[in-house]
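Here the structure is laid out as structure tokens; the discussion comes afterwards.
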Amino acid sequence: MGEDASSTWEELQHLREILKEGGYVTDGDRLELTPKTLKEIFINLKKDRMGNHEVTTRGAGGDTQHDTKRYEFCDPFQLDLHTTVKNALTRMGPQVPVGLDPQDFEIYRNEHMSRAATVVLLDQSRSMGLFGSFQSAKKVAMALFALINSQFPRDSLYVIGFSDYAREIQGG
């Protein structure tokens, strides 16, 4: 190897060690992603309540839900008028006109509706069959399909097979 190739090899080995120490990959015959890695990727990609994505925030940009909450500054102002008036009447008692106060405002919550798409490129060239790698690649694609369908049902998975040309492989 030349000097540049040797330097690049050392950098890649250092990166491999960093990923292994961080718990992002396991080191066997080849590197494999850990569940921690996939969880971090999917948490940042999708924020909805369906599936196993963790959600720490709510906000605009999705379907209106039936549950409500007290209005806070900067919330989208989707007012639940019935509950707002009820809050005012509970606070002040029955009177005309009804005296609304900011603490009475009740708004509808929104559900996040973002989605993620994952594309797996599956090498179908002759060399994959000769070295026994094709079966392993299919197993990884099937495991990813099972993970996405069970934990992230709104996400999409596309498998693209390629050798001389590329085409989508449809599930059956």
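The values are calculated or read from the model by the stated rules, or taken from the named source; none is laboratory data. Here the structure is a predicted model, which is why all the values come from computation and not from measurement. Cβ sites come from the backbone with ideal geometry, for glycine too, and all protein chains shown count toward neighbours.
With respect to the numbered conditions (1) loosely packed, with under 12 Cβ neighbours inside 10 Å; (2) closer than 30 Å to Leu31 by Cβ; (3) out of contact with any Ser or Thr (no Cβ under 7 Å at 6 or more places or on another chain), which one is the sole condition not fulfilled by Leu122?
Exception for Leu122: condition (1).
Could you tell me how many of the residues in the stretch 151-172 are without any contact (Cβ under 8 Å) to a residue 12 or more places away in the chain and within 20 Å of Pro35 (Cβ to Cβ)?
So the count comes out to 0.
Going through the stretch 113-159 one residue at a time, which ones are under 12 Å from the mean Cα position of the chain (by Cα) and of a type in the set (Val, Ile, Thr)?
Hits for the stretch 113-159 are Thr118, Ile148.
Given the options Leu33, Leu79, name the one that is exposed (fewer than 15 other Cβ atoms within 10 Å of the Cβ), modelled with pLDDT under 80 and in contact with a strand residue (DSSP E or B) (Cβ under 9 Å, 6 or more places away or on another chain).
Leu33
Of the conditions (1) in contact with a helix residue (DSSP H, G or I) (Cβ under 7 Å, 6 or more places away or on another chain); (2) of a type in the set (D, E, K, R); (3) surrounded by fewer than 12 Cβ atoms within 10 Å (Cβ to Cβ), Arg91 clears all except one; give me its number.
Against the list (1) in contact with a helix residue (DSSP H, G or I) (Cβ under 7 Å, 6 or more places away or on another chain); (2) of a type in the set (D, E, K, R); (3) surrounded by fewer than 12 Cβ atoms within 10 Å (Cβ to Cβ), Arg91 comes up short only on (3).
Can you go through Ala141, Ala116 and tell me which one is closer than 24 Å to Leu33 by Cβ, surrounded by 13 or more Cβ atoms within 10 Å (Cβ to Cβ), touching a residue at least 40 places away in the same chain (Cβ under 8 Å) and small (Gly, Ala, Ser)?
Ala116
Please work out which residue is nearest to Leu147 (Cα to Cα), limiting yourself to the stretch 1-30 and to residues that are at pLDDT 80 or above and in a loop (DSSP other than H, G, I, E, B).
That would be Gly23.
Please give the number of the condition Glu106 fails out of (1) more than 23 Å from the chain's Cα centre (by Cα); (2) exposed (fewer than 13 other Cβ atoms within 10 Å of the Cβ); (3) charged (D, E, K, R).
(2)
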